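For reference, the structure discussed in these notes is given below.
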Amino acid sequence: MAVSSKQINGFIEEQLSEWPMAAGNFEALKGVKVKELDVDGMKVKVQFNPARIVSSSAKVDAKSLKERKCFLCGANRPDVQRGIEWGADDRYIVLINPFPIFPRHLTIPDQSHVDQLVYDRIEDMMDLAAQLDEYTVFYNGPKCGASAPDHMHFQAGNSDFLTIGQALETAEMKEIASAPGATLYLVDSLPVNVFVIDASNHRSGAELFKRLYKAMPIKDGETEPMMNLLCYATPAGERLVVIPRKRHRPSFYGTEGEGCMLLSPASVDMGGVFITPLEKDFERMDAELIRTIFAELCLDKEEISAIAEKI
């Protein structure tokens with residue numbers, strides 16, 4: 001089943017009229033504190049959002065996942081949370097996210113309880129971004145911010161929210177590889193080093209992604225390379241931003257001890273909007289701290305160039 005931005009926008013309004021808890025959280029977004037920083041020429045926003053403490057502090061170790069009910073499975077979702085089936089054989093279901101970061105925030109889980117793995121799903125991601133042309137679709141790897149690494153899901157939010165898209169418009173893009181209707185680039189001139197795939201042909205775009213995926217390292221005991229993905233429509237097709245990672249959380253993650261902060265960066269943070277559920281952390285965030293986070297969690301120029309050379 002296909003979807004459209006207009007259809008989903010109407011669906012969000014319907015859900016908020018039916019679900020007081022979600023409506024309250026979306027309404028609270030209008031009053032969250034936000035500040036803007038300049039990080040080496042890239043605009044970065046910081047949002048103080050207390051409702052996101054559930055995600056930022058989520059325990060994602062194997063024992064904790066086994067002991068809790070999966071909140072993305074249909075049997076465990078609230079009765080009031082309706083969805084719109086999407087994809088081939090209605091493989092996915094589009095839901096509103098009741099703990100939003102974006103003014104329009106969606107979660108799109110697989111209808112089955114299967115692990116968070118993206119290798120064979122890039123065409124799905126690009127197709128969804130093409131249909132939801134007002135939204136950025138994103139993916140958090142199992143060790144890169146996913147609060148449900150045991151259940152495959154995408155998320156999406158209105159595209160005018162993240163800042164990395166604007167930064168990429170003027171960034172130097174180095175062509176690495178191409179296929180009919182798709183090109184893979186390296187961008188190492190921003191505070192966060194990324195790969196970009198521009199694709200009018202989604203199958204070719206997926207093939208380039210798979211070449212990149214195979215060139216990225218996988219840590220012992222893990223199921224896929226560490227990464228965050230962002231995908232959104234452009235006039236020329238869909239743009240997939242691949243953000244390789246080397247660490248799950250910053251060295252100062254936590255709630256106890258001097259200097260600790262409750263920060264668990266995922267795609268949204270890597271995309272230029274850092275989410276802080278504690279006000280003290282919001283006040284502390286500055287450009288130098290964001291540089292430190294990027295340096296600890298993401299690849300430096302030498303590391304990302306080494307991947308590019310393997311493609």
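The values are calculated or read from the model by the stated rules, or taken from the named source; none is laboratory data. In this text the structure is predicted, and so the values were computed from the model without any measurement. Neighbour counts are summed over all protein chains in view; Cβ atoms, including those assigned to glycine, are modelled from backbone coordinates with ideal geometry. Side chains included, ligands, DNA and RNA excluded: accessible areas come from the protein's heavy atoms. Shrake-Rupley method; radii C 1.70, N 1.55, O 1.52, S 1.80 Å.
Numbers below:
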read-out	value
Odd one out for residue 53 among (1) under 23 Å from residue 277 (Cβ atoms); (2) open to solvent by less than 70 Å² (accessible area, probe 1.4 Å); (3) at pLDDT 95 or above	(3)
Only listed residue being open to solvent by 10 Å² or more (accessible area, probe 1.4 Å) and farther than 13 Å from residue 87 by Cβ, chosen from 131, 155	155
Yes/no for residue 261 being out of contact with any Leu (no Cβ under 7 Å at 6 or more places or on another chain) and open to solvent by less than 10 Å² (accessible area, probe 1.4 Å)	yes
Residue that is farthest from the chain's Cα centre (by Cα) [pool: residues in region 159-184 that are open to solvent by 50 Å² or more (accessible area, probe 1.4 Å) and within 18 Å of residue 136 (Cβ to Cβ)]	169
Counted residues, region 66-80 - those being surrounded by 13 or more Cβ atoms within 10 Å (Cβ to Cβ) and in contact with an Asp or Glu (Cβ under 9 Å, 6 or more places away or on another chain)	2
Enumeration of residues in region 102-127 that are part of a loop (DSSP other than H, G, I, E, B) and either closer than 14 Å to residue 12 by Cα or over 15 Å from the mean Cα position of the chain (by Cα) (or both)	102, 103, 104, 111, 112, 113, 114, 115, 119, 120
Residue ID - nearest to residue 147 (Cα to Cα), chosen from residues in region 84-125 that are without any contact (Cβ under 8 Å) to a residue 24 or more places away in the chain and crowded, with 20+ Cβ neighbours inside 10 Å	95
